[in-house]
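To keep things clear, I will list the structure first and then write my remarks on it.
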Amino acid sequence: MLRTKWLDRIARVTRYLHGDHVFAQLIRFALVGGSSNIAYVLLFVAMNDSGPLVANVAGSIVSTVIANELHRQLTFHAADRVGWFTAQCEGGGLALIGLLISTAALAGLEFSAPGLGEIAQTGAVVVIMAAVGGMRFLALRGFVF
């Protein structure tokens, strides 16, 4: 009986997470983002002998392509509405804009608070990246998918 209740709860949560509610999409968005970051790190480490710049560019491009495709198919269930090429162009453009915003914010932080401690810098990076990720989620949800 207890096992059945737990299985029912798990089934309910699974159905909810597969739905198109904003919160379910946000959870899938975060999972895809985490997965693509793992892909980035693995590719960066594998290509580090080519130099950190080449490894960074390759990791960024490949992880962005992976994320865009997973967002198209899994996060927003848009594979039937949005083609692969469109998702890559628009999602890649948003990723580039996010990179520019986060870089400008971090440069502004360095300029305005050059002596900021390591913990405060880390907190600022987390806040900036969360804000950029939130804006990317809203833009992907509202305009791309």
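The values are calculated or read from the model by the stated rules, or taken from the named source; none is laboratory data. Values in this document were obtained by computation on a predicted structure and should not be read as measured data. In this analysis, Cβ positions are derived from the backbone assuming ideal geometry, glycine residues included, and neighbour counts consider all displayed protein chains.
Worth a mention:
- One residue stands out in segment 1-36 among those that are at pLDDT 95 or above and among the aromatic types (Phe, Trp, Tyr): the one that is nearest to the chain's Cα centre (by Cα), namely Phe29.
- Hey, Ala79 outside any helix (DSSP H, G or I) and at pLDDT 95 or above or not: yes
- Just one of the listed residues (Ala78, Ala11, Ala107, Ala24) is without any contact (Cβ under 8 Å) to a residue 12 or more places away in the chain, aliphatic (A, V, I, L, M) and surrounded by 11 or more Cβ atoms within 10 Å (Cβ to Cβ), namely Ala24.
- Exactly one residue among Gly92, Gly51, Gly59, Gly83 is surrounded by fewer than 17 Cβ atoms within 10 Å (Cβ to Cβ) and within 17 Å of Ser36 (Cα to Cα), and that residue is Gly92.
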